[in-house]
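Engineer: Mind looking over this structure? Questions follow.
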Amino acid sequence: MNQNRINLLKGDITKVTTDAIVNAANSSLLGGGGVDGAIHRAGGPAILEECKQIRARQGGCPTGEAVITTGGDLPAQYVIHTVGPVWNGGHKNEPKLLANCYRNSLLLAQQHKVKIIAFPNISTGVYGYPKDKAAQVAVQTVQEFLQENKLPEQVTFVVFDEENLRLYEQLLGE
Ligand code: AR6
């Protein structure tokens with residue numbers, strides 16, 4: 001039913017023109033490597049400035065939670081920064097925390113009337129979450145959210161490597 005509200009794209013999320021992109025951040029909100037570094041480089045200093053303000057207000061962002069800033073110079077209007085769990089063998093609540101990332105990002109998007117949102121494969125880089133397990137959590141959580149909500153209208157999964165492309169193609173039946 002909501003399959004046509006989910007899209008799959010391979011490439012660099014900083015190039016995607018959309019209402020919001022999601023950043024796989026860390027709880028400091030001060031930037032890092034991977035997709036986080038790419039977003040701050042491409043989006044310019046306005047994003048970091050807002051991250052610092054949020055940090056001053058609430059002291060960073062706990063794992064599984066999300067915060068929103070401008071998209072700065074990006075073709076996206078907003079960046080939603082969420083903090084994925086570090087993979088620790090799977091017995092440290094990782095699946096629930098990863099699902100929280102997707103759900104809380106979608107909720108924040110909805111509050112900002114976001115119609116189209118793009119997600120990277122949160123936690124599957126530096127944080128070491130097995131890609132197959134992470135893809136299952138991502139797709140299931142997004143599908144459930146879309147079944148229960150009208151906004152966002154469209155969700156794009158932006159994959160960066162062949163393995164994730166294959167996994168998402170399988171899960172989305174493409
Ligand atoms: N566009 C889309 N996906 C990307 C891009 C890009 N430009 N660059 C990397 N990826 P990671 P994490 C993919 O390591 O595992 C940072 O230092 C990448 O191939 O960026 O959640 C933060 O500050 C992988 O599939 O995020 C944190 O400290 C996915 O994005 C920590 O890394 C996530 O990989 C977060 O680790």
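Each value in this text was obtained by applying a stated rule to the coordinates, not by laboratory testing. Just so it is clear, the model here is predicted, and its values are computed rather than measured. Cβ coordinates were reconstructed from backbone atoms using ideal geometry, including for glycine residues, and neighbour counts include every protein chain displayed.
Engineer: Restricting to Cα pairs below 8 Å that are 6+ residues apart, what does the relative contact order work out to for the chain? Please round to a whole percent. Mind dumping the intermediate values first?
Structural biologist: Numbers: 345 pairs, mean separation 51.2, N = 174.
Dividing the mean separation by the residue count of the chain yields 29 percent.
Engineer: Still on this structure, please answer the following. With each run of n ≥ 4 DSSP H residues scored as -39500 (n - 2.57), what mean residue ellipticity at 222 nm is computed for the chain after dividing by its residue count and rounding to the nearest 500 deg cm²/dmol?
Structural biologist: Values: 5 runs with 71 residues, N = 174.
The helix-only estimate for the chain comes to -13000 deg cm²/dmol at 222 nm.
Engineer: Something else: Please give the net charge around Ala109, taking every other residue with its beta carbon less than 11 angstrom from that of Ala109, where Lys and Arg add +1 and Asp and Glu add -1. The partial results should precede the final answer.
Structural biologist: On the way: positive: Arg103, Lys113, Lys115; negative: Asp19, Glu153.
Taking every other residue near Ala109 into account, the sum is +1.
Engineer: Two decimals, Cα atoms only, Kirkwood Rh: what is Rg/Rh over the chain?
Structural biologist: In the chain, Rg relative to Rh is 0.93.
Engineer: So how far, in whole Å, is the C-alpha centre of region 1-44 from the one of region 116-167?
Structural biologist: Between the Cα centres of region 1-44 and region 116-167 lies a distance of 11 Å.
Engineer: Show which lysines lie in cross-link reach of Lys10 when reach means a straight Cα distance below 24 angstrom and same-chain residues fewer than eight apart are skipped.
Structural biologist: Output for Lys10: Lys115, Lys131, Lys133.
Engineer: Working from the alpha-carbon coordinates of region 31-83, get Rg over Rh, Rh being the Kirkwood radius. Walk me through the numbers on the way to the answer.
Structural biologist: Working: Rg = 10.4 Å, Rh = 11.1 Å.
Rg/Rh: 0.93.
Engineer: Under 16 Å Cα to Cα from Lys52, which aspartates and glutamates show up? Leave out anything in the same chain fewer than 8 places away.
Structural biologist: Asp36
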